[in-house]
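S.K.: Before we start, here is the structure in question, set down as structure tokens.
The values are calculated or read from the model by the stated rules, or taken from the named source; none is laboratory data. Small disclaimer: the values here were computed from a predicted structure and weren't measured. Cβ: placed from backbone, ideal geometry, glycine included. Neighbour counts: every protein chain shown.
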Amino acid sequence: MTQNMLTENKMPFCPGCGHKVAVNNISKALIELGYDPFDVVIVSDIGCSGLVDPLFTTHTVHGLHGRSPALGMGVSMGLANKKKKVIVVQGDGGATIGLQHLMEAARRNVDITLLVFNNLLYGMTGGQISGLSTDKFKELRHFEEGIPPFDIVKLAHQAGAASSARVIAPKNFNESIKNAIQTTGFSVLELASVCPSYGVKKLKELEDFAEEAAVLTNKRISPTIEYTETSSLFDSMKRIQHEFDSTITDKMGFVLAGSAGGGVQSAAKLLAEAGMMSGLYVTMKGEYPVTVGTGFSVAEVILSRRPINYTGLENPDVMIVVSNDGLQKVKNRISNTTQLFFDDKLEIDSKNSTKGSFSKKGGKKGAALNALFSWVDSTDFLEREALLKVIRAHKHADKLLGAIQVAVLN
């Protein structure tokens, strides 16, 4: 029996948004076609349409604005499996920002289905006109007189898409989506959507500003992907050997938080390597603003006795915080069970905590590592020598050892 394609998460769209109708019809179409959630990959990017990721029980991939067709092409070509289906979701803004990616997918006729949610504007950033805003809609806004919109349906067809069409009435969404999904090769389907916040508020009004386009087809064969065997990138990497022991019996999650340029990511990487040297499964991921050189820097590390199938860390066991930038980013994740190590310059009210002069001893760039080493040194979950060995092998070993004040240990 085919499983439900949608999670129980609440739709994140504004009340009355047409994107909800589109999402429900995608789910309905996939179910009626007999797909299993694990046989479907939904690829999206930035914009209101990009909020679909947590709504589907399928595999999901989220990328940069306008780039989802390129990501979808990569997924489809990598799978090369006719039993799997890659569906790309974009808004009208993403479709025009990434128009070259769309055209390239059509030219190559890669087996993906692109669904463009067109509400005639940029709904997430205030209702600005997009490249797919129709002339009639722009007349209403007194904007861009005499500048025609792109016609995604015709452009995709001329570029070689196996199928391209535009649908206005939701009653036709289901069958149109099914036809697009069943097309072998690249298919694009533009779905009209109302935007009650900034654009057309009623479907009846939308029909006055947009016109449906009959299905345009090209009789083409979807390309056959040929694979060649190459050596693995891992073959040239030095293996980390199991040399130390750990008392971690199940799994421990760490959050390291500080400021950009404060060595947070480096400290997390050292912890991850020490964990691998201790015979543990390890994951690490970092988060920081696009400015890179300013603001917060946060890293998450999981050490586990068992394989780690999910890298999310909702309730960290250990949290190391060495600056106010980091504190503001992670303070809502501190729970009663979190073991907290924080710099004494910070004001944190937590019962299960230890504070120290980590910034004073380690300096701005070594505070996170100083605090991490203090945690290792005061507990028995990891051997002190495991972290020291990783540090000594680093290209900046002298500076790192100085940050934890063990330079005499050679």
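S.K.: Residues 56, 13: which one is among the aromatic types (Phe, Trp, Tyr), more than 20 Å from residue 131 (Cα to Cα) and in the same structural domain as residue 195 (by TED's automatic domain parsing)?
M.R.: Numbers: 13 fails: in the same structural domain as residue 195 (by TED's automatic domain parsing).
Answer to the selection: 56.
S.K.: Could we say that residue 104 is more than 17 Å from residue 212 (Cβ to Cβ), surrounded by fewer than 19 Cβ atoms within 10 Å (Cβ to Cβ), among the charged types (D, E, K, R) and under 27 Å from the mean Cα position of the chain (by Cα) here?
M.R.: Details: more than 17 Å from residue 212 (Cβ to Cβ): yes; surrounded by fewer than 19 Cβ atoms within 10 Å (Cβ to Cβ): yes; among the charged types (D, E, K, R): yes; under 27 Å from the mean Cα position of the chain (by Cα): yes.
Criteria met by residue 104.
Okay, residues lined up against (1) in contact (Cβ under 8 Å) with a residue 40 or more places away in the chain; (2) crowded, with 18+ Cβ neighbours inside 10 Å; (3) in contact with a strand residue (DSSP E or B) (Cβ under 7 Å, 6 or more places away or on another chain); (4) not assigned by TED's automatic domain parsing to the domain that holds residue 254:
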position: 339; (1), (2), (3), (4): no, no, yes, no
position: 353; (1), (2), (3), (4): no, no, yes, no
position: 371; (1), (2), (3), (4): yes, yes, yes, no
position: 390; (1), (2), (3), (4): yes, yes, no, no
position: 394; (1), (2), (3), (4): yes, no, no, no
position: 399; (1), (2), (3), (4): no, no, no, no
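S.K.: Given (1) outside any loop (DSSP other than H, G, I, E, B); (2) touching a Lys or Arg at 6+ places or on another chain (Cβ under 9 Å); (3) of a type in the set (Lys, Arg), where does residue 329 come up short, assuming only one miss?
M.R.: Answer for residue 329: the failing condition is (2).
S.K.: Taking segment 44-69 as the search range and keeping residues that are in a loop (DSSP other than H, G, I, E, B) and of a type in the set (Ser, Thr, Tyr), which one is nearest to residue 84 (Cα to Cα)?
M.R.: In the first step, residues of segment 44-69 are kept if they are in a loop (DSSP other than H, G, I, E, B); the result is 45-47, 57-58, 63-67.
Filter again for of a type in the set (Ser, Thr, Tyr), leaving 57-58.
On the way: 57: 15, 58: 11 Å.
Going through the qualifying residues, I end up with 58.
S.K.: Test residue 253 against the criterion of being surrounded by 15 or more Cβ atoms within 10 Å (Cβ to Cβ) and either without any contact (Cβ under 8 Å) to a residue 24 or more places away in the chain or not in a loop (DSSP other than H, G, I, E, B) (or both), and give yes or no.
M.R.: On the way: surrounded by 15 or more Cβ atoms within 10 Å (Cβ to Cβ): yes; either without any contact (Cβ under 8 Å) to a residue 24 or more places away in the chain or not in a loop (DSSP other than H, G, I, E, B) (or both): yes.
In short, yes.
S.K.: Kindly indicate the residue of segment 1-32 that is β-branched (Val, Ile, Thr) and not in a helix (DSSP H, G or I) and also farthest from residue 120 (Cα to Cα) among those meeting that condition.
M.R.: Just the residues of segment 1-32 that are β-branched (Val, Ile, Thr), to begin with: 2, 7, 21, 23, 26, 31.
Subset that is not in a helix (DSSP H, G or I): 2, 7.
Working: 2: 34, 7: 28 Å.
Of everything passing the filter in segment 1-32, 2 is farthest from residue 120 (Cα to Cα).
S.K.: Which ones in segment 208-222 are loosely packed, with under 13 Cβ neighbours inside 10 Å and either in a loop (DSSP other than H, G, I, E, B) or within 28 Å of the chain's Cα centre (by Cα) (or both)? Walk me through how you get there before you give the answer.
M.R.: Applying the first criterion (loosely packed, with under 13 Cβ neighbours inside 10 Å) to segment 208-222 yields 211, 214, 219, 221.
Scanning segment 208-222 gives 211, 219, 221.
S.K.: Which one is surrounded by the most Cβ atoms within 10 Å (Cβ to Cβ), of the residues in segment 150-167 that are in contact with a helix residue (DSSP H, G or I) (Cβ under 7 Å, 6 or more places away or on another chain) and either more than 17 Å from residue 99 (Cβ to Cβ) or not aliphatic (A, V, I, L, M) (or both)?
M.R.: First pass over segment 150-167, keeping only residues in contact with a helix residue (DSSP H, G or I) (Cβ under 7 Å, 6 or more places away or on another chain): 150, 152, 155-156, 159-161, 163-167.
Then keep just the ones that are either more than 17 Å from residue 99 (Cβ to Cβ) or not aliphatic (A, V, I, L, M) (or both); that gives 150, 160, 163-167.
Working: 150: 16, 160: 16, 163: 22, 164: 29, 165: 23, 166: 24, 167: 23.
Among residues in segment 150-167 that are in contact with a helix residue (DSSP H, G or I) (Cβ under 7 Å, 6 or more places away or on another chain) and either more than 17 Å from residue 99 (Cβ to Cβ) or not aliphatic (A, V, I, L, M) (or both), the one surrounded by the most Cβ atoms within 10 Å (Cβ to Cβ) is 164.
S.K.: If residue 213 meets every condition in (1) under 30 Å from residue 15 (Cα atoms); (2) of a type outside the set (Asp, Glu); (3) not assigned by TED's automatic domain parsing to the domain that holds residue 105 apart from one, which number is that one?
M.R.: Result: residue 213 passes all but (3).
S.K.: What pairs come up if the first residue lies in segment 234-250 and is more than 11 Å from residue 275 (Cβ to Cβ) and assigned by TED's automatic domain parsing to the domain that holds residue 308, the second is among the acidic types (Asp, Glu) and in a loop (DSSP other than H, G, I, E, B), and their beta carbons are under 8 Å apart, counting only those six or more places apart or on different chains?
M.R.: Pairs found: 245/383; 247/380.
S.K.: Limited to segment 351-371, what total is found for residues that are farther than 11 Å from residue 263 by Cα and assigned to a loop (DSSP other than H, G, I, E, B)?
M.R.: Start the filter on segment 351-371 by keeping residues that are farther than 11 Å from residue 263 by Cα, which leaves 351-361, 371.
Add one more test, that the residue is assigned to a loop (DSSP other than H, G, I, E, B), and what stays is 351-352, 357.
Looking only at that region, the number is 3.
S.K.: Let me ask you something else. Could you list, in sequence order, all residues of segment 373-383 that are surrounded by 16 or more Cβ atoms within 10 Å (Cβ to Cβ) and part of a helix (DSSP H, G or I)? Working first, answer last.
M.R.: Going residue by residue through segment 373-383, those that are surrounded by 16 or more Cβ atoms within 10 Å (Cβ to Cβ) are 373-376, 381-383.
Passing the criteria: 373, 374, 375, 376.
S.K.: Do you know which residues across segment 289-336 are within 17 Å of residue 261 (Cβ to Cβ) and either among the charged types (D, E, K, R) or outside the structural domain of residue 354 (by TED's automatic domain parsing) (or both)? If you could, list the steps in order and put the result at the bottom.
M.R.: Residues of segment 289-336 within 17 Å of residue 261 (Cβ to Cβ): 289-299, 320-329.
Selection gives 325, 329.
S.K.: Within segment 260-284, how many residues are touching a Ser or Thr at 6+ places or on another chain (Cβ under 8 Å), modelled with pLDDT of 95 or more and not aliphatic (A, V, I, L, M)?
M.R.: Residues flagged as touching a Ser or Thr at 6+ places or on another chain (Cβ under 8 Å), modelled with pLDDT of 95 or more and not aliphatic (A, V, I, L, M) within segment 260-284 amount to 6.
S.K.: Return the pair list, or none, for Cβ contacts closer than 8 Å from residues in segment 107-134 that are crowded, with 24+ Cβ neighbours inside 10 Å to residues that are charged (D, E, K, R) and assigned to a loop (DSSP other than H, G, I, E, B), at least 6 apart or on different chains.
M.R.: If the second residue must be charged (D, E, K, R) and assigned to a loop (DSSP other than H, G, I, E, B), the pairs left are 111/82; 133/144.
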